[in-house]
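Since the structure comes first, as structure tokens, the remarks are kept for the end.
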Amino acid sequence: MVNGIERPLDVLNNSKGKEVLVQLKNNRQMVGTLLAFDIHINVVLDNAKEISDGENRRSIGLTFLRGDTIIFISPASAVEQNN
Amino acid sequence: MVNGIERPLDVLNNSKGKEVLVQLKNNRQMVGTLLAFDIHINVVLDNAKEISDGENRRSIGLTFLRGDTIIFISPASAVEQNN
Amino acid sequence: MVNGIERPLDVLNNSKGKEVLVQLKNNRQMVGTLLAFDIHINVVLDNAKEISDGENRRSIGLTFLRGDTIIFISPASAVEQNN
Amino acid sequence: MVNGIERPLDVLNNSKGKEVLVQLKNNRQMVGTLLAFDIHINVVLDNAKEISDGENRRSIGLTFLRGDTIIFISPASAVEQNN
Amino acid sequence: MVNGIERPLDVLNNSKGKEVLVQLKNNRQMVGTLLAFDIHINVVLDNAKEISDGENRRSIGLTFLRGDTIIFISPASAVEQNN
Amino acid sequence: MVNGIERPLDVLNNSKGKEVLVQLKNNRQMVGTLLAFDIHINVVLDNAKEISDGENRRSIGLTFLRGDTIIFISPASAVEQNN
Amino acid sequence: MVNGIERPLDVLNNSKGKEVLVQLKNNRQMVGTLLAFDIHINVVLDNAKEISDGENRRSIGLTFLRGDTIIFISPASAVEQNN
């Protein structure tokens with residue numbers, strides 16, 4: 001169960017230091033460790049990997065993602081438990 | 001009947017803890033339990049599933065959705081009662 | 001005749017509780033009873049139906065529509081009187 | 001000649017109660033009587049008709065148009081005098 | 001030579017009452033006499049003509065153009081001197 | 001080497017009176033002398049030329065470019081030194 | 001490991017004077033030395049090169065990039081370590 005989610009950003013706060021899946025516009029996806037975010041939903045991922053068609057396409061390492069290209073952000077563990 | 005809807009966000013408030021259908025731009029849909037939202041219509045869904053062409057495509061689990069990719073949000077019970 | 005329309009939102013205010021046609025971007029249309037709106041033109045429809053190519057495609061029931069996907073909103077009675 | 005146009009909105013103010021042509025993004029056009037507008041260029045038309053390829057496609061009657069889908073607004077008399 | 005252009009809007013101010021070329025998004029162009037503009041770059045043209053593929057397509061007369069569809073605005077005399 | 005660039009707009013300030021290359025969305029490019037800019041990155045070019053596929057397509061002369069269509073702005077001398 | 005990243009902009013601050021990869025919308029990429037950035041994520045690169053399909057397409061030299069066309073920014077060393 002999910003505890004303590006009162007505002008949307010609580011999900012991001014709970015995910016700091018954990019692996020997340022970031023779905024971008026134009027069918028890009030990134031997975032990586034969430035290090036930081038701000039109210040514009042700009043996020044920083046470490047050990048980021050770009051994924052396309054279910055396969056790793058490119059390792060990016062540390063990356064700053066602008067919020068306005070993001071569709072959704074999910075804890076990667078949640079995605080896997082449900083697959 | 002619908003009671004007590006005076007402002008648009010009242011619909012979202014009434015739907016907390018219930019299953020909603022979220023229609024995104026680019027023909028993506030998500031269904032899941034609405035946990036939280038804010039004035040930008042950023043929303044958090046639990047047990048989220050991506051749907052395409054009427055079939056589940058991917059289980060996402062817990063997810064943070066940015067408001068600017070959302071077209072509409074409906075209580076899933078309403079969608080089903082009318083089908 | 002049209003009385004008392006001094007500001008654009010007066011049309012929406014006069015249409016509360018009545019059926020409206022909402023034209024969305026990307027050729028989607030919805031018809032439903034207008035329950036609420038705000039200054040961002042976020043609207044709530046009850047008994048909403050999605051229409052495509054002049055045919056009902058999906059019943060949505062109660063729905064929250066984000067303003068930035070809306071092209072126009074018309075009282076459904078006006079659309080019909082003119083057809 | 002055109003008198004008294006000092007700010008862009010003066011054109012819309014002078015056109016109240018008169019027929020205007022509204023060019024929308026995505027090649028939609030509407031003609032109708034301008035009843036109201038605001039600083040976001042949201043406008044209300046009465047007796048509105050959608051036009052495509054120079055032919056009436058649909059009568060809409062009274063309609064609220066969101067400003068961000070509008071390219072230009074012209075007094076219909078001006079368009080006709082110049083054709 | 002160009003004198004007294006310290007801020008971008010000075011170009012528009014110097015062009016009032018003169019013919020300008022307005023390049024719009026989606027390959028539309030308009031030429032007409034610049035009557036007014038505001039800080040959103042909403043502009044009013046008189047005797048406006050829509051141009052496509054170098055030929056006049058439609059006479060519009062007086063028109064209000066929303067700023068967010070504009071790519072550039074040039075004094076028409078400058079365009080011609082350089083052709 | 002590059003001296004005294006502490007904020008992004010310093011590059012534009014240093015380029016006043018010099019030739020710049022402006023890359024626009026939709027594959028348009030302009031070269032011209034930078035006369036003025038503001039915080040919205042609206043810019044004024046003199047002796048502007050539109051370029052497509054490496055060839056001059058149209059001379060525009062003096063032009064006001066809206067910031068939101070701009071991808072990047074470079075001093076033209078830098079582009080040439082590196083080709 | 002990554003130290004001291006508390007806010008997204010810390011990544012950009014740590015990357016000043018170093019080579020970064022900037023992914024733009026529409027499949028453009030730039031690599032160059034990050035000289036400056038602001039809260040709109042407008043950035044200045046020196047010795048910038050445009051890359052397409054993994055090959056250098058054009059040397060740009062010094063360039064001002066508008067933030068709203070940027071998808072992500074990564075330290076180039078991180079991208080390489082992971083390839």
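With q set to 0.18, 0.22 Å⁻¹, the log10 of I(q)/I(0) for region F:12-78, from the Debye formula over equal scatterers at the Cα positions, is -0.56, -0.86.
What percent does the relative contact order of chain B come to when contacts are Cα pairs within less than 8 Å and at least six residues apart? Relative contact order for chain B comes out at 28 percent.
Summing Lys and Arg as +1 and Asp and Glu as -1 over all other residues whose Cβ lies under 14 Å from the Cβ of G:Asn13 gives a net charge of -1. Take the Cβ atoms of E:Arg58 and B:Lys16, set R0 to 60 Å, and the FRET efficiency comes out at 0.70. Checking the cross-link pairs A:Lys16/C:Lys25; E:Lys16/F:Lys49; B:Lys18/C:Lys49; B:Lys18/G:Lys25 against a 26 Å limit on the alpha carbon distance flags A:Lys16/C:Lys25; B:Lys18/G:Lys25 as lying beyond it. Basic side chains Lys and Arg get +1 at the Cβ, acidic Asp and Glu get -1 at the Cβ, and with that the dipole of region B:17-68 about its Cα centre reaches some 80 debye.
Please average, across the residues of D:30-41, the number of beta carbons from any other chain that are within 10 Å of each residue's own beta carbon, and give a whole number.
On the way: counts 2, 0, 0, 1, 0, 7, 8, 3, 4, 3, 4, 7.
Counting other chains' Cβ atoms within 10 Å and averaging over D:30-41 gives 3.
For peptide F:6-18, the mean count of partner chain Cβ atoms within 10 Å of a residue's Cβ comes to 4. Summarising the amide proton neighbourhood of A:His40: residues at separation of 5 or more, or on other chains, whose placed amide H is nearer than 5 Å comprise an empty set.
Chain G holds its axis-closest Cβ, relative to the rotation onto D, at the residue and whole-Å distance G:Asp68, 8. Computed from the C-beta positions of G:Glu6 and C:Ile39, the FRET efficiency with R₀ = 25 Å rounds to 0.10.
Only the coordinates and a few stated rules stand behind these numbers; no lab work does. The structure presented is a predicted model; accordingly, all values stated were derived computationally and were not measured. As a convention, Cβ positions derive from the backbone with ideal geometry for all residues, glycine included, and neighbour counts pool all protein chains shown.
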